[in-house]
Every structure is written in structure tokens, then in C-alpha cells.
Amino acid sequence: MSDDVHFYEPRHGHRLPHDPFNAIVGPRPIGWISTRDRKGCLNLAPYSFFNAFNYTPPIIGFSSNGYKDTVRNIEQTGEFAWNLVTRPLAEAMNKTCADVPPEVDEFVLAGLTPLASRVIGVPRVAESPVSFECRLTQLVQLQTVRGAKVQTWLTLGEVVAVHISKALLNQGVYDTARAHPVLRGGGAADYFEIGPERLFRMARPR
Ligand SMILES: Cc1cc2nc3c(=O)[nH]c(=O)nc-3n(C[C@H](O)[C@H](O)[C@H](O)COP(=O)(O)O)c2cc1C
């Protein structure tokens with residue numbers, strides 16, 4: 001076994017000061033998810049175990065470690081909105097992860113404006129330049145290789161409507177870097193901001 005390689009089996013612990021897993025699988029885009037509970041109370045929270053999984057129809061998903069308010073609301077209403085986190089919105093996003101009772105509206109907590117969606121009944125974040133309106137397609141409780149249930153829920157939703165600030169379109173082409181999206185790194189507090197200087201192009205082999 002090489003001395004140059006740190007090897008571990010996660011079920012026996014990583015033996016490092018901080019779990020490297022989410023620093024390795026990173027930086028990750030953030031699912032800033034707005035929902036509404038059955039009584040109408042609004043909720044907004046960030047989820048970085050998040051990604052896109054299909055083009056047509058577009059499907060996105062995020063994982064909740066524990067059955068959190070966001071998952072409960074989506075199970076109740078079948079709807080959620082995804083909002084892009086950009087650098088000017090990073091601090092507000094961070095405020096919305098506070099562990100507060102379900103009746104606390106994180107829009108108010110973070111000084112954000114709920115804006116009515118067009119297709120679903122859940123509002124999006126007015127300050128965010130891109131939002132997806134989504135309908136729940138699958139709610140999957142994760143399990144181990146031995147089939148034991150994990151207290152984690154993967155929520156998948158079809159994107160049924162898209163809002164893009166025209167300022168992010170460059171001759172009609174969506175310009176990822178122009179939005180200055182924020183991605184989550186590892187550790188307790190690492191984030192990355194994407195700007196145009198990180199762009200490189202590589203065509204696929206024919
Ligand atoms: C950048 C960021 C990413 C996060 N990603 C996740 C995640 O992927 N899964 C999760 O369960 N919690 C995640 N959290 C923590 C939740 O946002 C937090 O538990 C929040 O209170 C959940 O809100 P809710 O109970 O209203 O759904 C993240 C927090 C931050 C700041």
C-alpha cells in the first residue's frame with residue numbers, strides 16, 4: 001500500500017480533521033429551494049447536494065439529510081421553485097439555512113422578496129436572476145448497499161417553467177459566468193464564485 005495515498009473505508013471513518021467527501025465532490029451548484037406548506041407558510045433553504053439529471057424534460061434534484069421542512073412542504077404540495085445563488089445573494093442565501101421553526105418565513109429572515117410564479121403556486125426569489133418552477137416527480141428515501149434505510153431524501157422535480165434575466169443572455173446564449181454563480185466547496189465555510197476568467201473550451205472528439 002502506498003504511503004502517499006490516504007485510504008479509508010467510509011463506514012470505518014475518514015481519520016481526517018474534516019470529512020473530505022463534499023470537498024472532493026465540489027464545488028457543487030446550490031439548489032436554493034422555495035416551498036410553501038399546506039397552510040401557506042413560505043420556506044426557503046439552500047441544498048448543495050443538488051444537480052440536474054435530465055435534459056428533456058428537464059429534471060433537477062436535491063438531497064435532504066433528514067426529513068427537513070423543504071421536503072415535507074414538497075410532499076404536501078407537489079411543488080417547489082429553484083433559484084440561482086449569485087455572488088451578491090450569497091450572504092442572503094446563507095441566512096436562509098438557519099435552523100428555525102417551520103412557521104418562520106426565511107424570505108423575511110433574509111430580507112428577500114417572494115415573487116409569484118407563473119405555473120406553480122410557490123413563489124420564487126425576486127432578487128435571483130434565474131428561477132425554475134418545478135413539480136415533484138419522485139421522492140426517494142436513500143438506502144445503504146445492504147438495503148438499510150438512510151435518513152436522507154432525494155427529491156426530484158420536473159422543471160415546468162424557467163425565468164431568466166435577459167441581462168444574462170449574450171446574443172440569446174445563456175452566459176453562465178455573467179451571473180457570477182456561487183458554488184459550495186468543502187469544509188465548514190468554503191464557497192467558489194465563477195467568473196469569465198475560469199472559462200476554457202474543449203470540443204468533443206468526432
Ligand atoms: C450552502 C449550503 C448547502 C446546504 N446543503 C444541504 C444539503 O444538500 N442537504 C441538507 O440536508 N442540508 C443542506 N444545508 C443545510 C440546510 O440548508 C438547513 O438544514 C436548512 O435549515 C434546511 O431548511 P428547511 O428545514 O427549511 O428545509 C445546506 C446549507 C448551506 C448553507
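Figures for the structure shown
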quantity: Failed item, numbered, when R204 is tested on (1) in a loop (DSSP other than H, G, I, E, B); (2) over 20 Å from A52 (Cβ atoms); calculated: (2)
quantity: Filtered residues of the stretch 63-78 (kept if more than 15 Å from the chain's Cα centre (by Cα), free of Cβ contacts under 8 Å to residues at least 40 places away in the same chain and either part of a loop (DSSP other than H, G, I, E, B) or surrounded by 15 or more Cβ atoms within 10 Å (Cβ to Cβ) (or both)); calculated: R72, N73
quantity: Check on V145, at pLDDT 95 or above, out of contact with any Pro (no Cβ under 8 Å at 6 or more places or on another chain), open to solvent by less than 50 Å² (accessible area, probe 1.4 Å) and not acidic (D, E); calculated: no
quantity: Residue among E133, E197 that alone is of a type in the set (D, E) and either part of a strand (DSSP E or B) or under 25 Å from F21 (Cα atoms) (or both); calculated: E133
quantity: Of all residues in the stretch 93-142 being more than 30 Å from D175 (Cβ to Cβ) and among the charged types (D, E, K, R), the one that is least open to solvent (accessible area, probe 1.4 Å); calculated: D105
quantity: Test: residue in the stretch 33-43 that is in contact (Cβ under 8 Å) with a residue 12 or more places away in the chain, within 15 Å of the ligand (Cβ to nearest atom) and open to solvent by 40 Å² or more (accessible area, probe 1.4 Å); calculated: yes
quantity: Yes/no for I60 being open to solvent by less than 50 Å² (accessible area, probe 1.4 Å), more than 8 Å from the ligand (Cβ to nearest atom) and β-branched (V, I, T); calculated: yes
quantity: For Q141: the one exception among (1) within 15 Å of the ligand (Cβ to nearest atom); (2) in contact with a strand residue (DSSP E or B) (Cβ under 6 Å, 6 or more places away or on another chain); (3) in contact (Cβ under 8 Å) with a residue 60 or more places away in the chain; (4) not in a loop (DSSP other than H, G, I, E, B); calculated: (3)
quantity: C97 in a loop (DSSP other than H, G, I, E, B) and within 16 Å of the ligand (Cβ to nearest atom); calculated: yes
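The values are calculated or read from the model by the stated rules, or taken from the named source; none is laboratory data. What you see is a predicted model, and the numbers here were worked out from it, not measured in a lab. A quick note on method: Cβ atoms are made from the backbone with ideal geometry, for glycine too, and the neighbour counts reach across all protein chains shown. Calculation scope for accessible area: heavy atoms of the full protein, side chains included, ligands and nucleic acids excluded. Shrake-Rupley method; radii C 1.70, N 1.55, O 1.52, S 1.80 Å.
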